[in-house]
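S.K.: This is the structure I want to talk about, given as structure tokens.
A short reminder: the numbers here are calculations on the coordinates, not readings from a lab. What you see is a predicted model; the values in this text were computed from it and never measured. Note: ideal-geometry Cβ built from the backbone for every residue, glycine included; neighbour counts use all protein chains shown.
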Amino acid sequence: MIEVLSGRYGTCDGVSRRSFVRVGCLGIAGLNLADLFRTRARAGQTKSTRDGSAVIQIFLGGGPSHIDTFDPKPSAPTEFRGAFRAIGTDVPGVIVSELFPRLAKNLDKVSIVRSLRHTTADHGSGSHWVMTGYPAPQALLRTNARPSTGSIAAKLRGGLGSGVPPYVALPNDPSFANAAYLGPAYNPFTLTGDPTKTLRVRDLDPAPGITLERLDDRRRLLHELDSIDRSRDDSGMMEGLDEFYAQAYQLITDPKARRAFDLSAEPAKVRERYGMTSVGQSCLLARRLIEAGTTFVTVADGGWDHHDNIPKRCRIQAPMLDSALSALVSDLSDRGLSNRVLVVVWGEFGRTPRVNRSAGRDHWPGAMSAILAGGGLKTGIVVGSTGSKGEFPVERPLGPEDVIQTMYHVLGIDPNHEFIDDSGRPTRVLNQGAPIPELI
Amino acid sequence: MRQTLAPLIVLSGILASTGSAAIVVEPARLELVGCDAHAQLIVTAKDESGAEIDVTDRSSFRSNDPRVAVGDTSGRIEPRGDGSTQIVIRYQKEITRVNVSVRRFVDPPRVLFTRDVEPIFTKIGCNSGVCHGKASGQNGFRLSLLGYDSAFDHESIVHETRGRRIFPAAPERSLLLMKPTARVPHGGGRRLEVDSAEFRVIARWIRQGAVLDRADSPALVNIDIYPKYRIVSRNGVQRVRATARYSDGTTVDVTRLAQFQSNAPDLDEVDDRGTIKTFDGVGFAAIMARFGGATTVARIGVPLGESTPDWTPPESDNLVDRYVFKRLKELGVPPSEACVDAEFARRSSFDIKGVAPSPEEVVAYENDRSLDKRSRRIDALLETPEYADHFALFWSSILRNKRTLGIASEEGSFAFHGWIRQSIAANVPYDRFVASIVAARGEAASNPPVVWYRQVRTLEEQTDDTAQLFLGVRMQCARCHHHPFEKWTQDDYYGFASFFQRIGRKPGEDPATPCLYTEPFSLATNPATGRPAPPKPLGAAEIKETDPRRDPRDALVAWMRDPSNPYFAKSVVNRYWKRFFGRGLVEPEDDMRDTNPPSDPDLLNALAADFIASGYDLKHLIRTIATSEAYRRSSLPNAYNKRDRRNYSRFYPRRLAAEALLDAIDRATGSAEPFRGVPPNTGAIRLPDDGFASYFLEIFGRPKRESVCECERSFEPSLSQTLHLLNSPSVQKKIATGSRVGSLLAAGRDDASIVDELYRVCLSRGPTARERSVCLKHLAEKRSAGKLREAIEDLLWSLINCKEFLFIY
């Protein structure tokens, strides 16, 4: 909730931060929310702010096997190769697992990073790293110690349109998607319910017994009665609430804003193309929200923690992701959004190259893959590679922070922007890694 | 913290102008040793009113002998050759001279690594926390953060990677100089100009052998800043100069190498050459100068500088008022009027009890004509059970009273909360309250403060939490490196940690809470030196432990409670101040350090002294604060104080905390939020720990109790909050099914009395004529349509959603 800068203690890349000196610092030094609202648009964005850019992050919770998905090893011994064949794609020379036939036909629209790795093999710490760019400061962490990538985007970029929130998590609240010291205002906006049936925005539908007409009545009444002199408050808090009241009304009453959340407005054919699954419908909703002005959507697709019976589990789960992802990528491309919207698909780690005795694979942070598509990045390429058995990167070893730096690059967020954390320590948006040059 | 303000010049009023005053130049004479020495001159004149103004940038600096020394337009003097000369300084018609002598121009003294080289790395950012100074270094080159460890840095630079960073045969071509000048690719870009003074110093150091200083080399004693104190007009400019004093008695101008930072970025900013620019705000700022691990501050006061109507401070013998209104006089800011009685009744009730006053209370207070009604009201509020509930919530949050292990830890966290609440209700002296927590031992069942150690588990957490919570000192930085803004070293940190080193844990009767006992003698180890650190309070001498059976925490507690302790009382006084005034005298409230001084040091000192003299009486402290005229100011600004955010010239509104807001809605609607595991009607404020899931409390910023910082509680607005307040089924349910609407209907009341009651229960005041007519019109329309219930619901809904409802103002 606090950000401040000392413009003088320079940043490594020589970018001047003087412009941030007077930003933020709610509480710490007396600048306030009003200032924040006024300056937010300027702060934390690089010179080349990419207006309109957005990110859809699909987080494969549990950690999918890299070998069984996007980094197949067809010539490795059986105990490493696993149960699935590799298939060719529409990019000559690039193969993926046979579980992704639709994606294979759209591979020219995406890039694969195969040389990711980090060093922590527990779900919490790995997820924290992937969701924030920072390793968890302690094991068994349950909540964000650092702000999630989406929270940073919400704070520094805000939303693009009226009515829809800047940062949304689908289908509901994933782990480590929160804002930590940026404050709960930058937690993701979440929905409740099942996306295949009744995914809905909390408090969006009028309460029982309240018609829109009556709400309108109430709003008029409130407008007349809410007359406390705003000049009493110079902190921006009242003004901020007023702003969010206006947004809330718009969301509730403006059919356009509401429609962004309404999947039933999509033709059945489109919904089916994404798949009538949680991940499919969430991806479709993500696209709708981005179109309406949301900046960052995290789609959580859990259940990838395949310690046993990968042949069966993957055959169930992978096709849902294949449909959702290929539909999303081609849809964005058809709608001319692929320059503006970056799609990132990854989990908290890869899985052990050697298949275990239960025909599963266990946690393996030594190698993992990610898919990046759109956002004006290069597509149809593969960055880095792992060894013949998929154990470690042999070429271009990269970390989660490099992928997140790439997201910030697309979003036009300056990774050197500093916040003050709860202990008063200046903390950069991201202090390690670099945008992946092969993709830019 | 100990510094006091220099006497202030009252800006409006007294006028000492005797024609044009002479200019004053600091320093009065200069001695420059070596070719790279330099000095900043500061020229001060007096304006018509007699106020001192910086005219350095409007003066000219001409040397009588440019072969000896020259000056530039900014007042910086550089040597050109041995000898003596004068710099002639001219400002308008005033002329003054500064003698300059230059020695050893061709034969400069030996360059010392710690004194001369390290500060350059710090100034140009090499060893900052975002570059080579971070724990992992940058691209394989690591320096200690801000140069706190010279031996380490010397090793990195000279010996690491087989010495490739230093090239003695051609010092200027050393990697150490190629990189920052960007003559080879450097991730950090160009930080240094080839052949600048800094460049030459580093090159000469390499040429002289790139050695580490000998143990008897001159060491930095302290740094000084000029001016220490100055009144600067709004949108004005003031330069400062920094000088370093060394153990060999020399004093060197380090303005160019020091780093500067303001603690009030809304009031002013300072650049890397020590030029302060003030903005439009009014108040006091501290400009920190930092050099070689030493810090000092200059205090800058920015008055309003407008002619305002004459005003006299309200009559009062309250300690707080003596200072607050004096400062406002000095700053030339007229305070707002006193607020009206109903506002005061509401404000004091929320701040002390966490709940709105009853309508009857407000009326009684309004009708009370006695002179001491405010102090009687505060006294009465302090005797209510709600006072204890409200402050128990505050302390439980920062004491991190959590259900760590789910339901199993409930027994402990409930007991600890109960103990806190009881201590507050009984007004246990604060020093005893803290001593019971910090030195807690034994079983949680018989001694609930033991539960604190269940959540604050590690030696580091105990060190950090104790220092931040009870002393207002943030030690976390010194865990891994010298504190960048403070004097604390790792030795200080681990010395403090040693007090907690001997806490033993064994299974207790309560399976979730260990029993604490004192282990045999042992000390914390400073990981940097590998040496054990004997117990040492902050800024005080080591405590020699004589009896190995004694728990060292007893000695810690004794030091904390000593009336001469410089942190203990001020820390809590400042926290409580912030609860009533919305802004700490020190801000953030738990980051008290020399480089972040209070906005009014005299006031904080006086309040702390009074608190100690009262026997650490928390109710006395609240009484002093809440009965002041200052606390009674209206939040409505006058023509002059709208932008005042730090001098308490008016009341600063703040949103109700999550728990208070939920309870307020319940009271207004006549409903009760059900929480599992506690009796009905418990209310959010009275919840004993964090284990009660609530979407409402979460979105309105209830702290998760993960950290000791009060800042974990959030007041930021969000879309989820507004959607919830105006459109959620749960708020609508409270409105529709709570007892309020029903009772108004059942009583067959007339519309005017309905409106009156709604206003009084929601906003603690009656409606204005305009509001009454709006409401009556609404009721009449709906009543005739047979929708009276709906109409009352709508009114209640509207009032709950008014900013006035959501804010203490």
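S.K.: Once Lys and Arg get +1 and Asp and Glu get -1 on their Cβ, which of B:A606, B:N641, B:H620 lies farthest toward the positive end of the dipole of region B:596-644?
M.R.: The residue sitting farthest along the positive end of the dipole is B:N641.
S.K.: Let me make sure I get this right: for region A:160-300, a, b and c are the square roots of the gyration tensor eigenvalues over alpha carbons, sorted descending. Under 1.5 in a/c it's rounded, otherwise prolate if a/b > b/c, else oblate. Which is it?
M.R.: Oblate, since a/c reaches 1.5 and b/c is not below a/b.
S.K.: Would you please name the trypsin sites (Lys or Arg not before Pro) within region B:436-479 that are DSSP coil residues with at most 16 other C-beta atoms within 10 Å of their C-beta?
M.R.: B:R457
S.K.: Given only helices, namely DSSP H runs of n ≥ 4 each adding -39500 (n - 2.57), what is the per-residue ellipticity at 222 nm of the protein assembly as shown, to the nearest 500 deg cm²/dmol?
M.R.: It comes out at -9500 deg cm²/dmol, rounded to the nearest 500.
S.K.: Next up: What's the magnitude of the charge dipole for chain A around its Cα centre, counting Lys and Arg as +1 and Asp and Glu as -1 at the beta-carbon? Answer in Debye, nearest 20.
M.R.: Dipole size: approximately 820 debye.
S.K.: With the Cα gyration tensor of the protein assembly as shown giving a ≥ b ≥ c as the square roots of its eigenvalues, does the rule (a/c under 1.5 for rounded; else a/b larger than b/c for prolate; else oblate) give rounded, prolate or oblate?
M.R.: Because a/c hits 1.5 or more and a/b fails to exceed b/c, the protein assembly as shown counts as oblate.
S.K.: Which loop trypsin sites (Lys or Arg not before Pro) in region A:120-215, with loop taken from DSSP, have no more than 16 other Cβ atoms within 10 angstrom of their Cβ?
M.R.: A:R142, A:K197
S.K.: Going down the table (B:K277/B:K642; B:K326/B:K578; B:K123/B:K570; A:K378/B:K123; B:K46/B:K578; A:K73/B:K134), which pairs top 31 Å between alpha carbons?
M.R.: B:K123/B:K570; A:K378/B:K123; B:K46/B:K578; A:K73/B:K134
S.K.: Mind checking the mean number of beta-carbon atoms from other chains within 10 Å of the Cβ atoms in B:647-658?
M.R.: Mean inter-chain Cβ contacts per residue within 10 Å come to 2.
S.K.: What trypsin sites (Lys or Arg not before Pro) in region B:535-597 are in a loop by DSSP, with at most 10 other Cβ atoms within 10 Å of the Cβ?
M.R.: B:K544, B:R549
S.K.: While we're on this one: Contact order normalised by length for chain B, with contacts defined as Cα pairs under 8 Å and 6 or more residues apart; what percent is it?
M.R.: Rounded, it is 10 percent for chain B.
S.K.: Suppose every Lys and Arg Cβ carries +1 and every Asp and Glu Cβ carries -1, with no other charges. What dipole size does the protein assembly as shown come out with about its Cα centre, to the nearest 20 debye?
M.R.: 2160 debye
S.K.: Still on this structure, please answer the following. In whole Hz, with x marking every Gly and Pro, tabulate ³J(HN,Hα) for region B:153-167 from phi via Karplus 6.51 cos²θ - 1.76 cosθ + 1.60, θ = phi - 60°.
M.R.: Once θ is set to phi - 60°, the couplings for region B:153-167 become 5, 4, 4, 4, 6, 8, 10, 4, 6, 6, x, 6, 7, 10, 10 Hz.
S.K.: Looking at B:S730, A:G183, B:L656, which one has the Cα that reaches farthest to the positive end of the dipole of the protein assembly as shown (charges on Cβ: Lys, Arg +1; Asp, Glu -1)?
M.R.: It is A:G183, whose Cα lies furthest towards the positive end.
S.K.: For region A:308-362, what's the relative contact order in percent, using C-alpha pairs closer than 8 Å and at least 6 residues apart?
M.R.: Answer for region A:308-362 is 54 percent.
S.K.: Report, by chain and number, residues whose modeled amide H sits under 5 Å from the one on B:S634, excluding near sequence neighbours (fewer than 5 apart, same chain).
M.R.: Here the answer is B:E337, B:A338, B:C339, B:F651, since their amide H atoms fall under 5 Å of that of B:S634.
S.K.: Taking a ≥ b ≥ c as the square roots of the eigenvalues of the Cα gyration tensor of region B:620-776, is the shape rounded (a/c under 1.5), prolate (a/b larger than b/c) or oblate?
M.R.: It is oblate, given that a/c is not under 1.5 and a/b is not larger than b/c.
S.K.: Work out the length of the dipole vector of chain B about its Cα centre, built from +1 on the beta-carbon of each Lys and Arg and -1 on the beta-carbon of each Asp and Glu, and round it to the nearest 20 debye.
M.R.: 1340 debye
S.K.: Further, regarding this structure: Report, as an integer, the average count of C-beta atoms from other chains found within 10 Å of each Cβ along B:675-685.
M.R.: 0
S.K.: Looking only at GluC sites (Glu not before Pro) in DSSP loops with at most 13 other Cβ atoms within 10 Å, what is the longest site-free stretch of chain B?
M.R.: Between the exposed loop sites, the longest stretch runs B:543-809.
S.K.: Say a paramagnetic label sat at a point 7 Å from the Cα of B:E542, along Cα to Cβ; which residues of region B:485-505 have their backbone N under 11 Å from it?
M.R.: So the set is B:495.
S.K.: Pop out the ³J(HN,Hα) list for region B:31-41 in order, Karplus 6.51 cos²θ - 1.76 cosθ + 1.60 with θ = phi - 60°, rounded to Hz; leave Gly and Pro as x.
M.R.: Values per residue, Gly and Pro as x: 10, 10, 10, x, 6, 9, 5, 6, 8, 9, 9 Hz.
S.K.: Given B:K353/B:K787; B:K487/B:K544; B:K353/B:K402, which pairs have Cα atoms separated by over 25 Å?
M.R.: B:K353/B:K787
S.K.: Counting only other chains, what is the mean number of Cβ atoms within 10 angstrom of the Cβ of each residue in peptide B:468-480?
M.R.: 1
S.K.: For A:R425, what charge total do you get from the other residues with a beta carbon under 10 Å from its beta carbon, if Lys and Arg give +1 and Asp and Glu give -1?
M.R.: -2
S.K.: May I ask which residue of B:N596, B:V68, A:G387 lies farthest towards the positive end of the charge dipole of the protein assembly as shown, with charges of +1 (Lys, Arg) and -1 (Asp, Glu) on Cβ and the Cα centre as origin?
M.R.: Ranked along the dipole, the leading option is A:G387.
S.K.: Relative contact order, percent, of chain A when contacts are C-alpha pairs under 8 Å separated by at least 6 residues?
M.R.: 28 percent
S.K.: Under 13 Å Cα-Cα from B:K734, which aspartates and glutamates qualify once same-chain neighbours fewer than 8 residues away are excluded?
M.R.: B:D663, B:D666, B:E673, B:E793, B:D794
S.K.: Once the other residues with Cβ under 15 Å from the Cβ of A:L116 are scored (Lys, Arg +1; Asp, Glu -1), what is the net sum?
M.R.: Result for the neighbourhood of A:L116: -3.
S.K.: Under a point spin-label approximation (7 Å from Cα along Cα-to-Cβ), what is the B:D82-B:V363 distance to one decimal in nm?
M.R.: Taking the two extended label points, one gets 9.4 nm.
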